[in-house]
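Structure, as structure tokens:
The values are calculated or read from the model by the stated rules, or taken from the named source; none is laboratory data. As the structure is a computational prediction, the values presented were derived from the model and not from experiment. Here the Cβ is made from the backbone with ideal geometry for all residues, glycine too, and neighbour counts use every protein chain on show.
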Amino acid sequence: MKLYFIDQRKLFSFMKMVEVWDEQGNVRYRVKSECAVGYHLHLLTHYDEEVASIRQKLLTMTPKFIVKVNGKEMTVSLKHTLKGTEYCAVTDLNWKAEGFMKCRTYQIISKDQQIAHVQMVEFCNGKKDTLYETLKKISHVSESALRQGNCCEIDFSDDQNEVEILAVVMAIEAALGVDSNYSSA
């Protein structure tokens with residue numbers, strides 16, 4: 001199964017609701033930002049029921065987020081290797097996200113098994129497929145956002161962890177956004 005969302009590193013800064021769609025263009029989840037010190041996000045179903053919360057842990061050396069799903073808390077930490085590459089560690093689940101984090105091409109791994117793959121969906125250069133046409137028909141998806149290549153795809157290997165994986169991906173996106181804000185300051 002695959003889910004899609006539009007580049008939220010830019011959207012979080014404007015406090016807009018981010019929608020997450022399935023392959024048919026149906027809104028499955030919404031990510032709502034709360035005005036607070038640091039990021040505080042709520043992952044909601046399309047019925048506006050909260051299924052997860054994502055809160056920035058402040059005063060840390062690298063971006064960290066506390067993710068709460070089904071009463072369980074986990075910490076998503078952005079880390080840097082000595083070689084300068086980035087990865088995210090998810091404590092309490094022993095998950096790791098690695099790959100080209102800033103380019104949004106990474107895998108979430110549990111032990112040695114990939115449970116999700118995140119990548120940018122390229123709609124530019126004339127590649128307009130069924131997904132592009134489906135998303136374009138939805139009034140709340142900006143055609144310019146699709147053309148700019150700001151759409152991300154999450155390909156799940158394990159459907160039963162969908163909410164946990166999606167919440168972790170949103171925390172990773174927020175951590176990368178916070179990290180890029182630190183880097184450009």
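Figures for the structure shown
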quantity: Residue, modelled with the highest pLDDT, within the range 143-185, restricted to residues that are polar (S, T, N, Q) and not in a helix (DSSP H, G or I); calculated: SER157
quantity: Residue check for THR45: in contact with a Gly (Cβ under 9 Å, 6 or more places away or on another chain), without any contact (Cβ under 8 Å) to a residue 24 or more places away in the chain and surrounded by 12 or more Cβ atoms within 10 Å (Cβ to Cβ); calculated: no
quantity: Whichever residue in the range 1-14 is modelled with pLDDT of 60 or more and surrounded by fewer than 19 Cβ atoms within 10 Å (Cβ to Cβ) and, among such residues, is farthest from THR105 (Cα to Cα); calculated: MET1
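Per-residue answers, yes or no, for (1) modelled with pLDDT of 95 or more; (2) among the hydroxyl-bearing types (Ser, Thr, Tyr); (3) not in a strand (DSSP E or B):
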position: CYS35; (1), (2), (3): no, no, yes
position: LEU44; (1), (2), (3): yes, no, no
position: VAL51; (1), (2), (3): yes, no, no
position: GLN56; (1), (2), (3): no, no, no
position: MET61; (1), (2), (3): no, no, yes
position: VAL67; (1), (2), (3): yes, no, no
position: LEU78; (1), (2), (3): no, no, no
position: GLY84; (1), (2), (3): no, no, yes
position: ASP92; (1), (2), (3): no, no, yes
